1. Taking a ≥ b ≥ c as the square roots of the eigenvalues of the Cα gyration tensor of region 41-133, is the shape rounded (a/c under 1.5), prolate (a/b larger than b/c) or oblate?
2. Between residue 139 and residue 78, with labels modelled 7 Å along Cα→Cβ, what's the label distance in nm to one decimal, could you check?
3. Under a crude label model (7 Å from the Cα following the beta-carbon direction), how far is residue 179 from residue 29 in nanometres?
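What follows is calculated from the coordinates using simple rules that are stated; it is not laboratory data. The structure presented is a predicted model; accordingly, all values stated were derived computationally and were not measured. Counting neighbours? That spans all protein chains shown, and the Cβs are built from the backbone with ideal geometry, glycine included.
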Amino acid sequence: PAPAPGGSTGGGSTGGSTTRARAAPVLRTADRYLGVPYRWGGTSPRTGFDCSGFVQYAYAREGVELPRTSRQQAAAGARRPTRWDAAAPGDLVMFAEPGEAISHVAFYAGGGRILHSSASGGGVRYDDLGTRRGRWYRERLVAVRRVSNRGPTVARGLLARLGLANAPLDPPDLAPAPR
């Protein structure tokens, strides 16, 4: 498992302030929905979000169309090394149980935190990757994707959606409940 990210903003040697500046709008948008309850299959702040519905909704508000499920979203954007120090604020981070398919997606928020809609956490919330609960996510990172509203990254996401149109919805995460 990758070590827990420290207090850095992420991005490693290639993240840079330009990446953080591009990511800031989607994180500000996503942050507006803190406290919206978790709802399996949910895609709206009025009725609740599941993990991928939340990510899809926040990026749509920024003009980026993403596929519906976390597995489909794992094909959108540009692949980044699967390490916490390669993630920059706004990047998508995907999780899976060992030997299983991707089942959860979150935004990397920087500073060793993720922002997501979590079944076990009751809805849209931040989780600190340095906590007992965060360890569950830290140890199950399987993909990091950088999404932008420029050309090929959006096209790849749309193609993935078309190719996987009937994929099942993501199951609720199994992280320990917050204390």
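1. Verdict is rounded for region 41-133.
2. 3.3 nm
3. Using points 7 Å along Cα→Cβ, the separation is 3.6 nm.
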